[in-house]
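Participant: Sharing a structure, written as structure tokens. Questions coming.
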Amino acid sequence: MADARHQAQSAPGNGRIAILGAGSLGRLWAALLPAGTTTFIPRQYGSEKNDPGLTYRFQDRHGYEYPISVPLLDWSTESPGAVIVTTKAGDTLGALEANLPNLKPSVPVVLFQNGMGSQQAVAERWPDRPIMAASTTEGANRPDARTTVHAGEGETWIGALTASASPLVAGVVAQLNASGLVIHEEPGILKRLWGKLIINAGINPYTAILDCANGDILDAPLFRNTVGALCLELVSVMHHEGLSPPSPEEMQAQIEAVARKTAKNTSSMCSDVHRGKPTEIDYINGYIVSRARAHNLPAPVNQMLTERVKLRTATQQETKPDTPGAT
Ligand code: KPL
């Protein structure tokens, strides 16, 4: 069944939205924004290079499945109105280095990366560009290479990381609202990103190490024996970063509540390990370790989780050298 939004071609006023990163989240936005208003930015050296566009099947929240076709951006003939970046945290800086020279300096760039550190690196690299960060709880996955599923309804918050982005946030939110998703302007985006970082730091590494669904960590001795100390480390780092963290008990309750609510989900990190892909551990627990070091604080639990996830990735890559997968 075709979605009504895709029947009507809407003409964007000030350029289409270009999406950098054709993984689950990038495909979710491309499927839900009105047809004709998005393009994918082609990879520099990819199989997509000479393709006219990207075609896949999309399953919406009601279980309806329909085909989506999104053209590839041709930088020589088109100037996008905004860029949304849905690459993995570790790929973001390189992907932007390759593409930003083509983009007008006044065009907003919205970063959708998990964890922390990649957003700051981009804002520091291009301080004069309008750079924004987004935090989202929308869930999407790709059960196979041709299908993208909108797996969980959530909300998205967008806020400015650089000064020139501040006056443009409302316009970007209005543009993305055409997706039908719930999107908010967020003046305190860093606090929001830290909120998500806490959840990811408290769930993702455990699922990757234990090779289990989110809910299964709750009774695992590794989680039970270390989550209290993990929260103490997080609280201490957040204090030193000038943020107002919740109490360690509240933080643990938040982590456990999300693990319970998403009990059957496979976390993004567990799924990366399965597919033999690099994880985002350096931008989650690894980021906490580096901020702890900067403040001369100990972070042994975050350190242990970071090392164990890296070990899992290395072992998996040895046993599964040719895992096919998504971007
Ligand atoms: O955001 C997530 C992830 O998988 O990265 C959680 C909250 C753990 C849900 O799966």
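Participant: From the mean inverse distance of alpha carbon pairs (Kirkwood) and the Cα radius of gyration, derive Rg over Rh for segment 4-187.
Facilitator: Numbers: Rg = 15.2 Å, Rh = 16.4 Å.
Using Cα coordinates only, the ratio equals 0.93.
Participant: Specify the angular offset, from 0 to 90 degrees and rounded to the nearest 10, of the alpha carbon long axis of helix 89-99 from the longest principal axis of the alpha carbons in the chain.
Facilitator: The helix 89-99 is inclined about 30 degrees to the chain.
Participant: Measure nothing but the geometry: give the 0 to 90° angle between the long axis through the Cα atoms of 248-261 and the longest principal axis through the Cα atoms of the chain, rounded to 10°.
Facilitator: Helix 248-261 and the main axis of the chain meet at about 50 degrees.
Participant: Turning to a different aspect of this structure: On the accessible surface of the chain, probed at 1.4 Å, how many percent belong to carbon and sulfur atoms?
Facilitator: On the way: 7730 of 14840 Å².
About 52 percent, which is the carbon plus sulfur part of the accessible surface.
Participant: Sort the following peptides by mean Cβ neighbour count (other Cβ atoms within 10 Å, averaged over residues), highest first: 16-29, 134-147. Display every interim value, and only then the final one.
Facilitator: Details: 16-29: 24.4, 134-147: 17.4.
Descending mean neighbour count gives 16-29, 134-147.
Participant: I've got another one for you. Against the 2.2 N^0.38 Å scaling, with N counting residues, where does segment 191-319 land? I'd like the Cα-based Rg ratio to two decimal places. It would help to have the intermediate numbers written out before the result.
Facilitator: Working: Rg = 13.8 Å, N = 129, 2.2 N^0.38 = 13.9 Å.
Taking N as the residue count of segment 191-319, the ratio is 0.99.
Participant: May I pose another question? What relative contact order, as a whole-number percentage, does segment 4-187 give when Cα pairs under 8 Å and 6 or more residues apart are counted?
Facilitator: On the way: 381 pairs, mean separation 37.6, N = 184.
Contact order relative to length: 20 percent.
Participant: May I pose another question? Could you give log10 I(q)/I(0) at q = 0.09, 0.10, 0.16 Å⁻¹ for the chain, computed by the Debye formula over C-alpha point scatterers of equal weight, without solvent?
Facilitator: -0.47, -0.58, -1.47
Participant: Something else now. For the chain, what proportion of DSSP beta bridges, expressed in % and rounded to the nearest 5, is antiparallel? Numbers along the way, then the final one.
Facilitator: Working: 16 of 37 bridges.
Just about 45 percent of them are antiparallel.
Participant: Excluding G154 itself, calculate the net charge of residues whose Cβ lies under 12 Å from the Cβ of G154, where each Lys or Arg counts +1 and each Asp or Glu counts -1. Could the numbers behind the result be given before it?
Facilitator: On the way: positive: R61, K196, K261; negative: E138, E153, E155.
Its environment carries a net charge of 0.
Participant: Using alpha-carbon pairs under 8 Å, 6+ residues apart, how would you state the relative contact order of the chain in percent?
Facilitator: Working: 596 pairs, mean separation 47.7, N = 327.
For the chain, the relative contact order is 15 percent.
Participant: Then there is this: Given an 8 Å cut-off on Cα distances and at least 6 residues of separation, report the relative contact order of segment 191-319 as a percent. Write out the running numbers ahead of the final one.
Facilitator: Numbers: 154 pairs, mean separation 43.3, N = 129.
In percent, rounded to a whole number, it is 34.
Participant: Probe of 1.4 angstrom, ligands and nucleic acids ignored: what's the accessible area per residue over the chain, in square angstrom?
Facilitator: Values: 14840 Å² over 327 residues.
On a per-residue basis, 45 Å².
Participant: Can you pull the one-decimal nm distance between simple spin-label points at A314 and R260, each 7 Å off the Cα toward Cβ?
Facilitator: Distance between the two pseudo-spin positions: 3.8 nm.
The values are calculated or read from the model by the stated rules, or taken from the named source; none is laboratory data. What you see is a predicted model, and the numbers here were worked out from it, not measured in a lab. Please note: Cβ atoms are built from the backbone with ideal geometry, for glycine as well, and neighbour counts cover all protein chains shown. The area values use the complete protein model at the heavy-atom level, side chains included, leaving out ligands, DNA and RNA. Shrake-Rupley method; radii C 1.70, N 1.55, O 1.52, S 1.80 Å.
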